[in-house]
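Report on the following structure.
The values are calculated or read from the model by the stated rules, or taken from the named source; none is laboratory data. What you see is a predicted model; the values in this text were computed from it and never measured. Positions of Cβ are generated from backbone atoms using ideal geometry, with glycine treated the same way; all protein chains shown enter the neighbour counts.
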Amino acid sequence: MNKRAESLGAAMKKAGIQNGMTISFHHHLRNGDYVMNMVLDEAAKMGIKDLTVQASSVFDVHQPIIEHIRNGVVTGIETNYMGAKVGKAISEGILDRPVRFRSHGGRPDAIEKGRVKIDIAFVAAPCADASGNANGIYGPSACGSLGYACADAKYAKTTIVVTDYLAEYPLSPASIEETDVDYVVVVDKIGDAAGIVSGTTQITRDPVGLKIAETAARVIEHSGYLADGFSFQTGAGGASLAVTKYLKPIMKRKNVSGSFGLGGITGYMVDMLREGYFKKLMDVQCFDLKAVESLKTNPDHIEVSASRYASPGVISACVDHLDAVILGATQIDTDFNVNVHTDSNGYIMGGSGGHSDTAAGAKLSIIVAPLFRARLPIIVDRALCVSTPGNTVDVLVTQRGIAVNPAREALRKRLTDACLPVYDIGELKEMAEKITGKPDDIELGERIAAEVEYRDGSIIDKIRCVK
Amino acid sequence: MRSMLFIPGNNPGMLLNADVHGADAMILDLEDAVSPDQKDAARILVRNAVRALDYQNGKLVIRINPIGTPFFDDDLQAVVPLSPDYIMPTKVDSAEYIKALSEKLDLLEAECGLENGKISIIPLIETAEGIENAFAIAKADKRVKALFLGAEDYSADLHAVRSKQGDEILYARGRILNAARAAAIDAYDTPFTDVNDEEGLEKDASLAREMGFTGKAAISPRHITAINAAFSPSKAEIQYAKEVLEAIEEGKRLGKGAVSLRGKMIDKPVVDRAKRVIEDMLALGLGGDDE
């Protein structure tokens, strides 16, 4: 059969796009993605209204969606992460229907269990053949793993693969298989390579970030989890990635042979794989070109779907095997509840991503954060939004000390015995407030801007509009 | 003190976190880091930072502008009430400089109700003349607790080209060190200025320690860990020192005049060195048995 459509518009017509549909997107092209904007522009041209955008993430590059919301083309957004630019408009109440936030594991579970029904999935594919076999490792827009698109392609009523690099049939490897693809469209460009992945991910040079990272590595060292078979996940930004810089010499000194590195993968984790610190990398998302190249060439660098990565609804997922994860926070409260959805003023500027999934799965979840940002303390009485519940968070590491969840008394003792600077979280809060003072509570509006669905499907918190 | 970290006096973000990097001392800088049109602002910022943040994790040093500049007296007026552990005068070239400073400190300490002599002095020696007068400077006043070599200005004064391996400052290092030890005070080495060369830093710090310096200054917080490591007794040194002291005890118990260890005579300098290593170990809270 011929799956080729001559244009994006033609593919959308063939897929029977209509008012009120749910259309989905993945975020592997990150801030370089052209596809969501192209599809929404096309829908607007066709006079389509009332669409729900079901996107694994919404980045700043997707700002044109704000105009489509104003014009009624888009009336709903469901996502796992939302950048500050669109987040600001949402927090100001531009959308009547609250945004539905999920996690990277909760989203595929909701799709697979039918709680989320996708009418048309648009799969941006850096490389695809005419039958829709697709991967992210070849072509000018190579992004590496396509893990977040798997559930969409499989469960959507109609799946459209959008590519700018058509390969000969049969494309191998196929992250997305032809069995799930209805139409294939070739466009000039699916994205801007500069925004998709960075050349190399640099470790922070901020001395406070490095101090936090060094302390976090020592927490892992003395946690009791750093032994042969150790598995580890960390993010690409700030202090998180820097933890690997300090963990590496500790693993070497203690002669620890790790099992796997998980998650969004950077060149730094690729180096650790090559140097034998880990035996495998399980990759749901590549952050830089080195990671893309490694996924392409190293059989021990494995692509995993979002569902296998973090879904709570499968028999087992990668996060369930995870020993330690390093996570960030915009706020953490004295019950260890973490906010990664809003800034300290209540504006949406993020989302769980895999935060709550890995915190729940990992044996040791460590939050790294400075004690204050600008004039605002990070530790608060009550987080403006509970993104990750405190009962899944074990340790907070700041530049002036660490706090251990009181539920982890044995861990606290281990860290205290190792002469790490352990405090009660309330003491750390006082330390910060001694310098910054205690800021007034933020006054928020009554309207609900977003609802946060925890990975198990329950609503864990609601985010109100700003005044 | 193994490490002294420079913090620009006009940088609120760095002042806020000055004491989290593990440095044994912080040098809040009113001199070279601050341009002349910002001197007054930096003075106010440093004063407020010290009052509000109450730096607990390390000694407090404040570097002031040189005598003879319009900033010297204002700096002292602002800084003495903060009762820092040390004042670091700059471009110190003679004993008279230190005597003049000490007299001013006598008056200001009295005005502020501080105990006389509470504030110590670490002269920064960074001119050819200063190097030649190092011993006189060290002995100029009882407030002087250490000498500190500033190699950037010094090598410019020499018309030398500053290099990483530092052959051009070898004389100054030796001279400062000898003067300080002759006066029974400490000696601090110049900072290593390439913030991204970790290997170069380690070499430079080891050299300084082997020469006999007490510690080393740093211009980047990222240098502190390596400097602290270089100036801390190693596991092997601690082990050897313990063996030396045990052998001496054993010799005393057996009434032996001469004691040997690992086939070598233990004489007084070896014993003194072992005692210093153990003192350092205790002061730093190192057990010597972990890692």
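Any residue in the range A:445-458 that is under 15 Å from A:T79 (Cα atoms) sitting within a Cβ distance under 8 Å of a residue that is of a type in the set (D, E, K, R) and in a loop (DSSP other than H, G, I, E, B)? List the pairs, counting only those 6 or more apart or interchain.
These pairs meet every condition: A:E453/A:R102; A:R455/A:R102; A:G457/A:R115.
Give, as residue ranges, the helices (runs of 4 or more DSSP H) completely inside the range A:133-222 that count at least 1 residues that are aliphatic (A, V, I, L, M) and within 14 Å of chain B (Cβ to nearest Cβ).
Counting at least 1 such residues, we get A:207-222.
Name every residue in the range A:223-254 that is under 26 Å from A:L371 (Cβ atoms), outside any helix (DSSP H, G or I) and hydrophobic (A, V, I, L, M, F, W, C), in order of residue number.
Those that are under 26 Å from A:L371 (Cβ atoms), outside any helix (DSSP H, G or I) and hydrophobic (A, V, I, L, M, F, W, C): A:L226, A:F232, A:A236.
Residues to consider are B:L5, B:L15; find the one that is within 14 Å of chain A (Cβ to nearest Cβ), surrounded by 23 or more Cβ atoms within 10 Å (Cβ to Cβ) and touching a residue at least 60 places away in the same chain (Cβ under 8 Å).
One residue alone meets the criteria, B:L5.
Residue by residue, here is whether (1) surrounded by fewer than 22 Cβ atoms within 10 Å (Cβ to Cβ); (2) outside the structural domain of A:D192 (by TED's automatic domain parsing); (3) part of a loop (DSSP other than H, G, I, E, B); (4) of a type outside the set (V, I, T) holds:
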site	(1), (2), (3), (4)
A:V256	yes, yes, yes, no
A:M269	no, yes, no, yes
A:M272	yes, yes, no, yes
A:Y277	yes, yes, yes, yes
A:V284	no, yes, no, no
A:K296	yes, yes, no, yes
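Scan the range A:223-247 for residues that are within 14 Å of chain B (Cβ to nearest Cβ) and surrounded by fewer than 22 Cβ atoms within 10 Å (Cβ to Cβ) and jot them down.
Across the range A:223-247, the qualifying residues are A:L226, A:K245, A:Y246.
Could you count how many residues in the range B:46-65 are more than 14 Å from chain A (Cβ to nearest Cβ) and either touching a strand residue (DSSP E or B) at 6+ places or on another chain (Cβ under 9 Å) or buried (at least 18 other Cβ atoms within 10 Å of the Cβ) (or both)? Write out each step before concluding.
The initial filter retains those residues of the range B:46-65 that are more than 14 Å from chain A (Cβ to nearest Cβ), namely B:46-47, B:59-65.
Add one more test, that the residue is either touching a strand residue (DSSP E or B) at 6+ places or on another chain (Cβ under 9 Å) or buried (at least 18 other Cβ atoms within 10 Å of the Cβ) (or both), and what stays is B:46, B:59-65.
The qualifying residues number 8.
I'm told B:E210 meets every condition in (1) out of contact with any strand residue (DSSP E or B) (no Cβ under 7 Å at 6 or more places or on another chain); (2) within 14 Å of chain A (Cβ to nearest Cβ) except one. Can you identify the failing condition by its number?
Only one criterion is unmet by B:E210, namely (2).
Taking A:P170 as the residue in question, decide whether it is at pLDDT below 95 and either of a type in the set (S, T, N, Q) or farther than 14 Å from A:H28 by Cα (or both).
Numbers: at pLDDT below 95: no; either of a type in the set (S, T, N, Q) or farther than 14 Å from A:H28 by Cα (or both): yes.
So A:P170 fails the test.
Only one of B:A180, B:A184 is crowded, with 17+ Cβ neighbours inside 10 Å and either under 14 Å from the mean Cα position of the chain (by Cα) or modelled with pLDDT of 95 or more (or both). Can you tell me which?
The unique qualifying residue is B:A180.
Only residues that are among the hydroxyl-bearing types (S, T, Y) and under 15 Å from A:G237 (Cα atoms): list them for the range A:172-217, please. First the steps, then the outcome.
Within the range A:172-217, the first condition is being among the hydroxyl-bearing types (S, T, Y), and the residues that meet it are A:172, A:175, A:179, A:183, A:198, A:200-201, A:204, A:215.
Result: A:S198, A:T200, A:T201, A:T204.
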